[in-house]
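Heads up, the thing below is written out as structure tokens.
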Amino acid sequence: MADINVQKILEQMLDAAKGVLENHWDEAKPFAEQELKALAENLQLIGQLKLEGKITQEQAKYYLEIQKSSVRIVLLTIEGLGILAVEAAINAALNVIRSTVNTALGWTVL
């Protein structure tokens, strides 16, 4: 199993989210940075837990759903951002790292 480079996938996710939220990026940026960093770190944690045999693929998927909900809730607090824009930003952020993360984990979690 390959290691997940948190900084690299964070940069990719932020670029993707910025492209979707460009009209509100100044307001969303600090929140997106914090939440997507936590998501990237949790993806790395899932990899570590898998190596240790402490998490199943199903548990990993549920855990990631919780993380995605956290990102969604935080971004929805920004005035002017609606659910469609927030969902599009989250989907864009995850789409750019999907192959890298799934390959690194050896599981399809994204």
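Table: residues versus (1) without any contact (Cβ under 8 Å) to a residue 60 or more places away in the chain; (2) aromatic (Phe, Trp, Tyr); (3) in a helix (DSSP H, G or I); (4) at negative phi.
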position	(1), (2), (3), (4)
GLN7	yes, no, yes, yes
ASN42	yes, no, yes, yes
LYS50	yes, no, yes, yes
ILE55	yes, no, no, yes
ARG72	yes, no, yes, yes
LEU81	no, no, no, yes
GLU87	yes, no, yes, yes
VAL101	no, no, yes, yes
TRP107	yes, yes, no, yes
Next on the checklist: I'd like to know if region 59-69 contains one or more residues that are modelled with pLDDT of 95 or more, surrounded by 14 or more Cβ atoms within 10 Å (Cβ to Cβ) and not in a helix (DSSP H, G or I).
Outcome noted: no
Checklist entry - Does LEU110 count as touching a Lys or Arg at 6+ places or on another chain (Cβ under 6 Å) and surrounded by fewer than 18 Cβ atoms within 10 Å (Cβ to Cβ)? => result yes
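The values are calculated or read from the model by the stated rules, or taken from the named source; none is laboratory data. Predicted model only: the values in this text are computed from it and were never measured. Backbone-built Cβ (ideal geometry, glycine too); neighbour counts: all protein chains shown.
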